Each structure stands twice: as structure tokens, then as C-alpha cells.
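The values are calculated or read from the model by the stated rules, or taken from the named source; none is laboratory data. The structure presented is a predicted model; accordingly, all values stated were derived computationally and were not measured. Here the Cβ positions follow ideal geometry from the backbone for every residue, glycine too, while neighbour counts run over all protein chains shown.
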Amino acid sequence: SHPLRILGIETSCDDTAAAVVDSERTILSEAYRTQLKYHQPWGGIVPSIAKKHHYENLVPVIAEAMKDIEWNTIAAIATSVKPGLVISLWQGINFTRQLLHKYSHLSFIPIHHMEAHALTVRLTHNVSFPYMVLLASGGHCILGIVEDVDKFYRLGETKDIAPGEALDKSARAMKLHEHTLVRDMVGGAAIGRLARDGDENRYQLITPKYSAKMKDCSFSFGGMLSQINRVVDKEAIYCGSATSDEQQLKDFAACVQASVVRHIETRIHRAILFCDAIKKRQWKRTLVLSGGVSSNLYLRQRIHDLCSHYGVELVCPPPQLCTDNGIMIAWNGIERYQRSLNVLSKMPEDLVPEG
Ligand code: KG4
Ligand code: ZN
């Protein structure tokens, strides 16, 4: 006999990933294929390309994740069903359906991708409910209190685009996909890398200042991105530009990163004050950062400083578990299985993914 084991499958965007995790928090296997280079020529994720690569990758990815594991030792398959690119989610769902048919002892656990981001930290650290979480990714920016596995209180979310999208589009405008040092990185990571050697005070970029008017913890990155695009155009700050140089690129990257982080910082600051003031919103004064943007080390440092000032403990999953992966989906499956939360004996006939 062995601890509870679950296979997790993730296809919500452009990564095909699978992993097996057990209830003693052991990662037994992990497999992953990124499609970044196939989408890059188009400047964004192309649904039909994502579909094709998920379809081709799922067989080898699952085979790799299950290489040294017997199917009869697995209790369930956990698969992302929302939110995400519907065409991508379908690939994971259809493949899961085939596996459930072939290995009929398996249960099925539908997974909410953002819930998985919010719970990942409990695989790597001892964090108990309720805790505050920032979920910052390519499609989302949500600040809230994780009250239980399936109970989430929203303090605020983005009114327009997510910080990852702002970073990806900034990187695109700066043509970082043509930059020898960072061209294989996703936009946010490319900016983070160049920013290391940049001067964040060289350009004055705005950060939304509506905190006096809006007494919540909402975000807005749209105005910031417009300004970034304007400055890039006006000063020709892009890779290969005839008038700007490498240092200018690095300085601008540092400014972009700093303005995104500054905005997140002010919202978290407000959230801490709010939760301390409103006693009915209990939390254990632990803040968790998760989602792809939270793998950013500058963000972690800045939020760490803020937290120290307020006596809040900051806990972050390792950077590679902040970006999309199969491990977090499997772990979410473990958390749900242990509490019998929507553990299904078979996949519903009418299951459809949600965007
Ligand atoms: O969670 P994730 O992998 O996928 C979504 O669910 O969206 O997040 C992807 C986002 C992308 O926008 C990417 O540019 C950003 O996370 N990202 C980063 C870093 N690594 C990935 N942003 C800033 N710094 C990084 N190191
Ligand atoms: Zn994600």
C-alpha cells in the first residue's frame, strides 16, 4: 500500500504538462512541453497552433509522466477544465476521457486552473487556511483570501488586462523575441532578465493612482501598456533600433518591470490594511504569491519588503511551480480527493471547458 496518487493534466494555454503527485507531497513524476517557439512568429498564442501541439504532445507527455508508475496505483486523473483557451482545454479533456475509458478504476476531478495556482504553495510549504494570495498571470490578476480548498474571497481583480499580458506585449513592442540573450524566454521573463542590469529611474512610467477613488483592491494595467507603447514608438526603444542601444533596452525593461510591480505593491498594501481593519475577514497574516508573474524575483523582493514592514509572512512556491505546470493540477486533485470535493466516478457526458 502507498499514499494516494493522482495524475494531473494541464493544457489550458500553450503548455502541455502532466505530473503524478501523492498525498505525502512527493512529486513522483513530471513531464512538460512548451510551444512558445511555434507561437512567437505570430506575436501571441494562436488557438489552432495550440490545438495541434497539445494533440501531438499529449501522448508523449502522459507516457513520460507514467513511465515508472503503474496505472493501477493511481486513484484519479485531475484535469484543468477552466479558465483558459477553450480549444486547448478540449485537448486535455478529450485525452482524459480516453484514459478514463481505458483505465476504468480511475476517478475524475475537474480542476479550476486558478484554484490550482492558489493551492500550489501547500505542496511545498506548510501554509494553512485562511491566507491571502496574489494570482498574477498572463490572463488574470486576482487578490483574495483562500479560505478553504474550494472557498475563495475576492478582494480585487484586474479591470482590464493582466500584468503578464502587459509584460508580454511590452516585450513584443521592444522586439525582445529578436534579442539573442532573451529570445527563448516568455515576455515577462525576458523583461525580468534584462531589467537586472537596468536603471528603473531612467523613464518615468505611470502607475494607476485611483486608490483614493476606489476603495477596493482592483488592478488596471491597460493605461500603463498604452504609455509603454507610446514611449517605445517615440524613442525607438526596441531590439535592432538604429537609434537606441542595449543599455537603453535594459533601462526601459527595468522601468516597465518597476511600474508593473509598483502597482501590484500598492494593491497588496491596501489589501493588508483592509484585512487588518475588517476583523471579520480573518486571515493568518500569510501572503502567498502565485501565477506566472509571481516567478519574478524583483516582485518577490519588493513584496517581501512590504510584508516585513507589516509583520506579514511571505511564502512563494518555487518559480517553476508559479508558471503553468502539471504538478499544481495533480496537487489540487489531491486536496479535493481528500475532502471528496467533486470527485467523479466518470466524466460527465456534457462536460465542456470554460474560457
Ligand atoms: O501562470 P502562467 O504560466 O500562465 C497563465 O495562466 O497565464 O503565466 C504566464 C505569464 C506570462 O505572461 C509570462 O510573461 C509571465 O507569466 N511570466 C513572468 C515571468 N515568468 C513568466 N513575468 C515576470 N517575470 C517572470 N520571471
Ligand atoms: Zn496559469
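Among the residues examined, residue 286 does not qualify as under 25 Å from residue 199 (Cβ atoms), more than 16 Å from ligand 1 (Cβ to nearest atom), touching a residue at least 40 places away in the same chain (Cβ under 8 Å) and of a type in the set (Ser, Thr, Tyr).
The numbered conditions (1) outside the structural domain of residue 197 (by TED's automatic domain parsing); (2) in a helix (DSSP H, G or I); (3) not acidic (Asp, Glu) are all true for residue 353 except (2). If the condition is being at pLDDT 95 or above, in contact with a helix residue (DSSP H, G or I) (Cβ under 7 Å, 6 or more places away or on another chain) and among the hydrophobic types (A, V, I, L, M, F, W, C), then region 8-36 contributes 9, 17, 18, 19, 20, 21, 27, 31. Of all residue pairs spaced 6 or more apart or on separate chains, those with beta-carbon atoms under 6 Å, a first member in region 31-42 that is under 19 Å from residue 328 (Cβ atoms) and a second member that is of a type in the set (Val, Ile, Thr) and part of a helix (DSSP H, G or I) are 31/61; 33/61. Given (1) away from ligand 2 (no atom under 16 Å from the Cβ); (2) under 30 Å from residue 27 (Cα atoms), where does residue 120 come up short, assuming only one miss? Going through the list (1) away from ligand 2 (no atom under 16 Å from the Cβ); (2) under 30 Å from residue 27 (Cα atoms), residue 120 breaks only (1).
Of all residues in region 148-177, those that are at negative phi and among the basic types (Lys, Arg) have Cβ atoms under 6 Å from Cβ atoms of residues that are at pLDDT 95 or above and within 16 Å of ligand 2 (Cβ to nearest atom), 6 or more apart or on another chain, in 154/144.
Selection of region 51-98 for residues being over 20 Å from residue 327 (Cβ atoms) and in contact with a Pro (Cβ under 8 Å, 6 or more places away or on another chain) yields 85, 86, 87, 90. Answer with yes or no whether residue 228 is crowded, with 19+ Cβ neighbours inside 10 Å, assigned by TED's automatic domain parsing to the domain that holds residue 154, in contact (Cβ under 8 Å) with a residue 24 or more places away in the chain and over 25 Å from residue 295 (Cα atoms). Against the criterion (crowded, with 19+ Cβ neighbours inside 10 Å, assigned by TED's automatic domain parsing to the domain that holds residue 154, in contact (Cβ under 8 Å) with a residue 24 or more places away in the chain and over 25 Å from residue 295 (Cα atoms)), residue 228 does not qualify. Of all residues assigned to region 334-343, none qualifies as being more than 28 Å from residue 77 (Cα to Cα) and surrounded by fewer than 22 Cβ atoms within 10 Å (Cβ to Cβ). In region 310-322, is there at least one residue being assigned by TED's automatic domain parsing to the domain that holds residue 164, more than 16 Å from ligand 1 (Cβ to nearest atom), out of contact with any helix residue (DSSP H, G or I) (no Cβ under 9 Å at 6 or more places or on another chain) and at pLDDT 95 or above? Yes: one or more hits. Of all residues in region 308-328, how many are touching a Lys or Arg at 6+ places or on another chain (Cβ under 9 Å) and either without any contact (Cβ under 8 Å) to a residue 24 or more places away in the chain or hydrophobic (A, V, I, L, M, F, W, C) (or both)? Of the residues in that region, 3 qualify. Just one of the numbered conditions (1) surrounded by fewer than 16 Cβ atoms within 10 Å (Cβ to Cβ); (2) modelled with pLDDT of 95 or more; (3) more than 14 Å from residue 176 (Cα to Cα) is not true of residue 280: (2). Could you list all residues from region 121-172 that are basic (Lys, Arg) and within 12 Å of ligand 1 (Cβ to nearest atom)? 169, 172 - these are the residues of region 121-172 that are basic (Lys, Arg) and within 12 Å of ligand 1 (Cβ to nearest atom).
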